Every structure is written in structure tokens, then in C-alpha cells.
Amino acid sequence: MGEQEHYFTARPSSAADRRTIEVELAGRTVAVQTAGGVFSPDHVDLGTRVLLRSVPTPPTSGDLLDLGCGWGPLALTLALQSPDAHVWAVDVNERALDLVRRNAAALGLQNVTAVAPEAVPADVRFATVWSNPPVRVGKDELHALLQHWLTRLEPGGEAWLVVGRHLGADPLLRWLQEELGPDVRTERSGSAKGFRVLRAEAVRSGDDVVG
């Protein structure tokens, strides 16, 4: 990619160089397509692997979100584990969205919708959100992104995020607690291999709220 081009570029100008790799998702080995100009095109990155080892089994129904989906490891896992749920794979990178659609089709998954953020209907609320968020977009943009999507959890819904400790995971947790509380409770769920796993839960009506 060019010096000013990143995996969160909407239309990468770099060569696609599409390739097929084998990865393990939802306890099985699958072949997926990846390409240049998307995040971690050669493997499931370490942060995503840490997240996948930390999350509980997703809800069996409802709307589930992979925020910043890349070529789709989280979205495909959600769809494989919850075939009766509707999985939204959201990214600004059009090449990444194309890859998710190709991969879902190749795996016979008909419950995945890969779209740009603005294409998700405003009334959709999510039972769970999984995300390895694009922290390199900058703090202000990252904050706006998370505030927008985490406040769209349905009551009792959970979001699971993985963020590198050296990329500001702890300050981000404090910001989430200050900005989203008490409607969304956020905590550090775990740490592994230099990453923090953060859990956020939308408070149900009638739940006791401290503060």
C-alpha cells in the first residue's frame, strides 16, 4: 500500500493480489480468500485470535455485528456458530467487504450481510458485537466509531473488543467507562500476549445502576 493508504482506506489502489489461505475458524479448517489492501491478509492476526479465545458462544438468533470486519474472520465465525442469526460484517474498505461476501458464499453461509457502515438500517440493534477495532484511524475517530456502535447494543447485549496494550487499551477502557456509563457497563475481561480484551454490556431496564 502507498504511504498514505491504510487497511481502512475505502478503495485501496494497491494491487488486489487475491490469494487463498487455510485458517481455523469455529473449530474447523476452512479455505478463505484474502487480498492486499486489507488488514492481515496472510493469516488470522494475533489480536483476533486472542479475541476468539476469549468470547463466549454468540447468541443463536438476532443481529450480530463484526465491526471492522476485514476479510471476515470474526463475521465468518459468528455465522458458522450461529446459523440462525443475522451477521452484519461492517467495514469502510470495499475490497474487504467483497472478500467477506466471497468467503461467506464459499462456505455456504447465507446469514452474512457485508456492507459499509451507512448501509446498516438505523433501527437495527445488536445482540452481540465482536471487534478488533481500527485503532490506527486516530483517537477521535475511534471514539466516535465505538460510541456510535456500542450504544446500538440491545438491552443485555454484549460487545467484545480486543485492543493492543501499547495502542492505548487502558486509556480507551477509561474513556468508554466515562463516556458510555451507566447505560453501557465496560470492563477489562482479560489480557493475553500484549492485548486487552474489553467487554461492554448494555444495561437492561430495571437493572441496578451504581453511580
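Where a number appears in this text, it was derived from the coordinates with a stated rule and is not lab data. This structure is a prediction, so every number in the text was calculated from the model and none was measured. Because the Cβ atoms are built from the backbone with ideal geometry, glycine has one as well, and the counts that use them run over all protein chains shown.
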The chain: calculated mean residue ellipticity at 222 nm from DSSP helix runs of at least 4, using -39500 (n - 2.57): -8000 deg cm²/dmol
Semi-axis lengths, Å, the range 19-202, gyration tensor of Cα atoms, sqrt of 5 times eigenvalues: 24, 18, 15
Simple label model, 7 Å out from Cα along Cβ direction - GLN147 to LEU167, nm: 2.1 nm
Estimated distance in nm for a label pair at ARG188 and ALA122, the labels positioned 7 Å out from Cα along Cα-to-Cβ: 3.8 nm
For the range 19-202, share of DSSP beta bridges that run antiparallel, in % to the nearest 5: 55 percent
Cα-centred dipole magnitude for the chain, charges only on beta-carbon of K, R (+1) and D, E (-1), debye, nearest 20: 540 debye
